[in-house]
Amino acid sequence: MYDVIVIGSGPAGYVAAIRASQLGLKTACVEKSFHNDSPQLGGTCLNIGCIPSKALLDSSHRYADALHQFSDHGIKVQNPTIDIPKMMDRKNKIVAQLTGGISSLFKANNVTQILGTATIMGANTVEVTYEGKTETLETLNIVIASGSSPIDIPVAKVNHKNIVDSTGALEFQAVPKTLGIIGAGIIGLELGSVWARLGSKVTILEALDDFLPMADSKISKEVLKEFNKQGLNINLGCKVNAAKSNKKNVTVNYENNGSEFELNFEKLIVAVGRKPNTENLFSKSSGLSVDERGFIPVNNFCETKVKNIWAIGDVVRGPMLAHKASEEGIMVVERIAGNQVEMEYAHVPSVIYTHPEVAWVGQNEKDLSDAGLEFKTGSFPFAASGRALATGESTGFVKVIADKKTDTILGVHAFGPSAADIVQQGVVAMEFKASAEDLGLTIFSHPTVSEALHEAAMAVNEKAIHIGNIKK
Ligand code: FAD
Ligand code: AMP
């Protein structure tokens, strides 16, 4: 009898399993993906998501720098070339190192790794099947962390050759001359950036008229301008109706403003979102069910409607992000152990790892206006940051939003160098319920790009030093 069985070893599941074991709970983690008869740990994030995409973003960024930026610094490099198989090999080694690392962490923390596909039979029973053999396990608690998979749309069926999903786009062995991408979400933008930097002519087709509707609208506008400048060629209001694979290329038909258009690409990436993995996950008798979009309904503590069955990560509501998944994992097992841990969903940061990065936490101006709340804002452009100018990366700005009366920080939004790390400082400030004044009175090292956050916080109360203040 286990105390906890975790289903899935992605950032939700493996973190939950390790913490559960640290808390003295007898824990097993079941994973269905395998390699050489052992579970392939790490889920989407480590194997086919966050980590490999960041490895390729980093390699391609260095290549683009060598092509376009080095000369500004007086560095001469003759005709830099890119060795794609080597770049992929580097990425694969990083993935192997990290996924192997989780196996070591499981061993060090006494987490039992079980290979196979789990099915929940009841509140205390999990069946695990591998190569036709089924084992029945008993447990006091079940934590579902089965994650998500790319959405496949009937109009553009993935064939794993020239029409691929995000997984396939991390595996190209040569730079496609032309690359179409359906969807201008985070994944489409990151993968588009990788291949555009390496020389692909990229065209992104996005059905919505709004670009990055979840971000601050001024940032979205600047990001759109900058990415188009970088050659991403983002086309809004373009709904793809068909994609047909030919011998040589893919023909894509889409409509824009009532007219039909056709484009041909060497490769097409379908990046239209992800769906929760719940197929065959539980029996009818388990008492579990899914909502109309396939997610497992849970409350703020990730409790399902069945006592002692919990669900975390991409398989439940909220942003599909690794750090959100992991924090839910920690909250759930702490609660199983009797600790009253909660999660502050309002403080989950979002990042787009393009160059420059886009990041935000908390509410934006539209959210607050829609809610009828009074707020004040302060912004600081990187063009006025000494460090940003010194590195030659002065695109974008930081914006801090605070409550009009109490000055409490309600949101931090950034587009520019190290935006993710800058916004992370905003997350810490918000977690401690800091005011804009608190952040303004905090000492920031000089010269750092983080000083833009300091100045934006001071600008909220018209006290920025290195830029003119806007009278409010
Ligand atoms: P997953 O990571 O999907 O893991 C679920 C695991 O459960 C899988 O290993 C699966 O095999 C296993 N499983 C499923 N069903 C069963 C079953 N019945 N029995 C046994 N095992 C089962 N997020 C970020 O925060 N930052 C990023 O930079 C980022 N970049 C991304 C880039 C790409 C290209 C993609 C696709 C995603 C990215 N994400 C990023 C999202 C991130 O990967 C997910 O939010 C995260 O992996 C969710 O974690 P999870 O543990 O809920 O699920
Ligand atoms: P995300 O869910 O953030 O990964 O983004 C996926 C994007 O794909 C969304 O912005 C959708 O509007 C877009 N999308 C979905 N279906 C289509 C389609 N048929 N044509 C163009 N864009 C689409």
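Determine if the range 38-55 includes at least one residue that is in contact with a helix residue (DSSP H, G or I) (Cβ under 7 Å, 6 or more places away or on another chain) and β-branched (Val, Ile, Thr).
Initially, the range 38-55 is screened for residues in contact with a helix residue (DSSP H, G or I) (Cβ under 7 Å, 6 or more places away or on another chain), giving 40-43, 45-48, 50-53, 55.
Pick out the ones that are also β-branched (Val, Ile, Thr) and you get 48, 51.
Yes, because at least one residue in the range 38-55 is in contact with a helix residue (DSSP H, G or I) (Cβ under 7 Å, 6 or more places away or on another chain) and β-branched (Val, Ile, Thr).
Given the conditions (1) within 16 Å of ligand 2 (Cβ to nearest atom); (2) within 13 Å of Val270 (Cα to Cα); (3) in contact with a strand residue (DSSP E or B) (Cβ under 8 Å, 6 or more places away or on another chain), and given that Asn162 satisfies all but one, which numbered condition is not satisfied?
The number of the failed condition is (1).
Determine whether Pro297 is in the same structural domain as Ala55 (by TED's automatic domain parsing), closer than 23 Å to Cys45 by Cβ and not acidic (Asp, Glu).
Details: in the same structural domain as Ala55 (by TED's automatic domain parsing): yes; closer than 23 Å to Cys45 by Cβ: no; not acidic (Asp, Glu): yes.
So Pro297 does not fit the description; no.
List the residue pairs whose Cβ atoms are under 6 Å apart, where the first residue sits in the range 160-187 and is under 21 Å from Asn253 (Cα atoms), the second is part of a helix (DSSP H, G or I), and the two are 6 or more positions apart or on different chains.
Pairs that qualify, where the first residue is under 21 Å from Asn253 (Cα atoms) and the partner is part of a helix (DSSP H, G or I), are His160/Gly168; Ser166/Ile187; Ala169/Leu191; Leu179/Trp195; Ile181/Gly188; Ile181/Gly192.
In the range 32-77, what residues are more than 16 Å from ligand 1 (Cβ to nearest atom) and assigned to a helix (DSSP H, G or I)?
The answer is Arg62, Tyr63, Ala64, Asp65, Ala66, Leu67, His68, Phe70, Ser71, Asp72, His73.
Would you tally the residues in the range 201-227 being without any contact (Cβ under 8 Å) to a residue 60 or more places away in the chain and within 18 Å of Ile269 (Cα to Cα)? Write out each step before concluding.
Pass one, the range 201-227, residues without any contact (Cβ under 8 Å) to a residue 60 or more places away in the chain: 201-202, 204-211, 213, 220-221, 224-225.
Okay, now just the ones that are also within 18 Å of Ile269 (Cα to Cα), so 201-202, 204-208.
Here the count works out to 7.
For (1) under 30 Å from Lys32 (Cβ atoms); (2) outside the structural domain of Met214 (by TED's automatic domain parsing); (3) over 27 Å from the mean Cα position of the chain (by Cα), each residue gets a yes or a no:
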{"residue": "Ala243", "(1), (2), (3)": "yes, no, no"}
{"residue": "Val250", "(1), (2), (3)": "no, no, yes"}
{"residue": "Asn264", "(1), (2), (3)": "no, no, yes"}
{"residue": "Glu292", "(1), (2), (3)": "yes, yes, no"}
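Is it the case that Gly258 is open to solvent by 20 Å² or more (accessible area, probe 1.4 Å), farther than 16 Å from Ile182 by Cα and at pLDDT 95 or above? Even if it seems obvious, please write down each step before you answer.
Numbers: open to solvent by 20 Å² or more (accessible area, probe 1.4 Å): yes; farther than 16 Å from Ile182 by Cα: yes; at pLDDT 95 or above: yes.
In short, yes.
Being more than 23 Å from Ile151 (Cβ to Cβ), open to solvent by 40 Å² or more (accessible area, probe 1.4 Å) and not hydrophobic (A, V, I, L, M, F, W, C) narrows it down to one of Asn241, Asn228, Asn253, so name that one. Give the derivation first.
Numbers: Asn241 fails: more than 23 Å from Ile151 (Cβ to Cβ); Asn253 fails: more than 23 Å from Ile151 (Cβ to Cβ).
It is Asn228.
From the list Ala414, Ala452, Ala459, Ala390, exactly one residue is within 22 Å of the chain's Cα centre (by Cα) and either surrounded by fewer than 24 Cβ atoms within 10 Å (Cβ to Cβ) or at pLDDT 95 or above (or both). Which is it?
Numbers: Ala452 fails: within 22 Å of the chain's Cα centre (by Cα); Ala459 fails: within 22 Å of the chain's Cα centre (by Cα); Ala390 fails: within 22 Å of the chain's Cα centre (by Cα).
The unique qualifying residue is Ala414.
Name the residue, out of Leu373, Leu281, that is at pLDDT 95 or above, away from ligand 1 (no atom under 16 Å from the Cβ), surrounded by fewer than 22 Cβ atoms within 10 Å (Cβ to Cβ) and over 17 Å from the mean Cα position of the chain (by Cα). Walk me through how you get there before you give the answer.
Details: Leu281 fails: away from ligand 1 (no atom under 16 Å from the Cβ).
The unique qualifying residue is Leu373.
If I go through the range 207-218 residue by residue, how many of them are away from ligand 1 (no atom under 16 Å from the Cβ) and either more than 27 Å from Glu365 (Cα to Cα) or surrounded by fewer than 24 Cβ atoms within 10 Å (Cβ to Cβ) (or both)? Explain how you work it out, then say what you get.
Filtering the range 207-218 down to residues away from ligand 1 (no atom under 16 Å from the Cβ) leaves 207-211, 213, 216-218.
This time we only want the ones that are either more than 27 Å from Glu365 (Cα to Cα) or surrounded by fewer than 24 Cβ atoms within 10 Å (Cβ to Cβ) (or both), so: 207-211, 213, 217-218.
The total comes to 8.
If we scan the range 178-196, do we find a residue that is surrounded by fewer than 22 Cβ atoms within 10 Å (Cβ to Cβ), away from ligand 2 (no atom under 13 Å from the Cβ) and at pLDDT 95 or above?
yes
Based on what the data block shows, is Val351 closer than 30 Å to Ile465 by Cβ and open to solvent by less than 60 Å² (accessible area, probe 1.4 Å)? Can you show your working first?
Numbers: closer than 30 Å to Ile465 by Cβ: yes; open to solvent by less than 60 Å² (accessible area, probe 1.4 Å): yes.
The answer is yes for Val351.
Checking Lys275 against (1) surrounded by fewer than 22 Cβ atoms within 10 Å (Cβ to Cβ); (2) in a loop (DSSP other than H, G, I, E, B); (3) within 22 Å of the chain's Cα centre (by Cα); (4) touching a residue at least 24 places away in the same chain (Cβ under 8 Å): exactly one of these is not met. Which one?
(2)
Which of the residues that make up the range 66-91 are among the polar types (S, T, N, Q) and touching a residue at least 24 places away in the same chain (Cβ under 8 Å)?
Of all residues in the range 66-91, those among the polar types (S, T, N, Q) come to 69, 71, 78-79, 81.
Gln69 - this is the single residue of the range 66-91 that is among the polar types (S, T, N, Q) and touching a residue at least 24 places away in the same chain (Cβ under 8 Å).
If Thr203 satisfies all but one of (1) surrounded by 18 or more Cβ atoms within 10 Å (Cβ to Cβ); (2) assigned to a helix (DSSP H, G or I); (3) of a type outside the set (Gly, Ala, Ser), what's the number of the condition it fails?
With respect to (1) surrounded by 18 or more Cβ atoms within 10 Å (Cβ to Cβ); (2) assigned to a helix (DSSP H, G or I); (3) of a type outside the set (Gly, Ala, Ser), Thr203 is out only on (2).
What are the residue pairs meeting all of these: first residue in the range 24-47, first residue in the same structural domain as Leu98 (by TED's automatic domain parsing) and touching a residue at least 24 places away in the same chain (Cβ under 8 Å), second residue within 16 Å of ligand 2 (Cβ to nearest atom) and among the hydrophobic types (A, V, I, L, M, F, W, C), Cβ atoms under 6 Å, and 6 or more apart or on different chains?
Cys45/Ala322
Tell me, which strands (runs of 3 or more DSSP E) lie completely within the range 79-164 with 1 or more residues that are among the aliphatic types (A, V, I, L, M) and open to solvent by 10 Å² or more (accessible area, probe 1.4 Å)?
Numbers: elements: 112-115, 117-122, 125-130, 133-144, 148-150.
The qualifying strands (runs of 3 or more DSSP E) are 112-115, 117-122, 133-144.
The values are calculated or read from the model by the stated rules, or taken from the named source; none is laboratory data. As the structure is a computational prediction, the values presented were derived from the model and not from experiment. Using ideal geometry, Cβ is built from the backbone for each residue, glycine included, and neighbour counts are taken over all protein chains shown. Quick note on the areas: whole protein, heavy atoms, side chains included, nothing else; ligands and nucleic acids left out. Shrake-Rupley method; radii C 1.70, N 1.55, O 1.52, S 1.80 Å.
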